[in-house]
Amino acid sequence: MAKTNLFRHATKTVSFKVGTTIFNEGDIGEEMYVIVSGVVELPLHGHRIIDITEGEVFGEMALLEEGHSRTATAIAKTDVVLANIGRERFIFLVHESPFFALDVMRTLSERLHAANNSIPD
């Protein structure tokens, strides 16, 4: 999966203990996250889709599709530290760092492929 190094030294972070639900499918999202440390599981409709690790982003669709609900649930598979990014900061990062924007696009593409491959024939 695409990774970003922009947040490896982030000081504004949130932490979740193993097993904690970070957000639920169907919630309205106003921020995305970058994993500073730990592992997050993204199941969809009760099935494990993917585990994501340090440097990877999730929850980005909430910032791209304003007002839409979350398409997956995010659960801390280990204790995690996350950098949270609100809409205003996201717009700034996309504008100022094309590599960040490309990482988000790569992530979306890779997860779409993974979701398509998980659909039984």
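The values are calculated or read from the model by the stated rules, or taken from the named source; none is laboratory data. As the structure is a prediction and not an experimental result, all values here were calculated from the model. In this analysis, Cβ positions are derived from the backbone assuming ideal geometry, glycine residues included, and neighbour counts consider all displayed protein chains. Heads up: the accessible areas ignore ligands, DNA and RNA and are worked out on the full protein's heavy atoms, side chains in. Shrake-Rupley method; radii C 1.70, N 1.55, O 1.52, S 1.80 Å.
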Check region 7-16 and report whether any residue there is modelled with pLDDT under 85 and of a type in the set (Lys, Arg).
yes
Which residue is farthest from Leu44 (Cα to Cα), if the candidates are limited to region 13-32 and must be open to solvent by 50 Å² or more (accessible area, probe 1.4 Å) and hydrophobic (A, V, I, L, M, F, W, C)?
Val18
State which residue pairs qualify: first residue in contact (Cβ under 8 Å) with a residue 40 or more places away in the chain and over 15 Å from Ala62 (Cα atoms) and inside region 81-109, second residue assigned to a strand (DSSP E or B) and open to solvent by 40 Å² or more (accessible area, probe 1.4 Å) in any location, beta carbons under 8 Å apart, and separation of 6 or more residues or different chains.
Val81/Val14; Val81/Ser15; Val81/Ser37; Leu82/Val14; Leu82/Ser15; Leu82/Phe16
In region 42-65, which residue that is touching an Asp or Glu at 6+ places or on another chain (Cβ under 9 Å) and open to solvent by 70 Å² or more (accessible area, probe 1.4 Å) is nearest to Val104 (Cα to Cα)?
Arg48
In region 72-113, residues that are open to solvent by 60 Å² or more (accessible area, probe 1.4 Å) and either under 12 Å from Ile22 (Cα atoms) or in contact with a Ser or Thr (Cβ under 7 Å, 6 or more places away or on another chain) (or both) total 2
Qualifying strands (runs of 3 or more DSSP E) (wholly inside region 39-118; at least 2 residues being of a type in the set (Gly, Ala, Ser))
74-76, 80-86
